[in-house]
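Read through the structure below, which is laid out as structure tokens, and then see the notes.
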Amino acid sequence: MVTINLVFMVEVAGLDPLQMVLVGTVLEFSVFVFEIPTGVLADAVSRRLSVIVGHAIVGAGFLIIVVWPNFYAILLSQMIWGFGYTFISGAYAAWVSSELGVSRANEAFLRGSQLSHAAALVGIVIAVALAHISLALPIAAGAIGLIGLAIGLSLFMREGNFRPTVLQDRDT
């Protein structure tokens, strides 16, 4: 999805180099702006909820690219993608660490990284195959997959060891 995303922006939406730079800047800026507020939410309310909401928001951001392939809609989608990403970025690792404990979490992160790299290679091959049909197809499939993942996580992801951080203990 992410691999084909940039090609889609150039080929279908017709973005020029300056617009592509602006799109990337908006994405990075939104991550910068929202990282702390969403991190506080994850620590104060629920890491599980933060991960679930983040995946749904990122999926929605990618759907916007496919539905409205124009510069302004793509800028909006990048803001949404960046916002959604910040819900996941620290919350997922914190959730794994609190649920498994630090020593088991390290093993899980290593194994997860290995599986993630293998899945990424498979995903790239599938995305390229789908892109031969339509450049929008791998992005739409990935976006729907992320929203489906959020639904699946809401049904199956548990959070048994989370303790909200008290306001006085927060240093953000």
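Every number in this text was worked out from the coordinates using simple rules, so none of it is lab data. Being a predicted model, the structure only gives us computed values, none of them experimental. Note that each Cβ is placed from the backbone with ideal geometry, even for glycine, and that neighbours are counted across all protein chains shown.
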The chain -> Rg/Rh from Cα coords, Kirkwood Rh, value 1.01
note: segment 40-134, Cα-Cα separations exceeding 23 Å make up a percent value of 43 percent
With +1 on the Cβ of every Lys and Arg and -1 on the Cβ of every Asp and Glu, the dipole magnitude of the chain about its Cα centre, in debye rounded to the nearest 20, is 420 debye
Between the Cα axis of helix 71-89 and the main Cα principal axis of the chain, the angle (0 to 90°, nearest 10) is 20 degrees
With Cα coordinates, the longest principal axis of the chain makes an angle with the long axis of helix 2-11, in degrees rounded to 10, of 30 degrees
With the dipole of the chain defined by +1 on each Lys or Arg Cβ and -1 on each Asp or Glu Cβ, the option from V2, I52, H132 whose Cα lies farthest towards the positive pole is I52
The relative contact order of the chain, taking Cα pairs under 8 Å that sit 6 or more residues apart, comes to a percentage of 36 percent
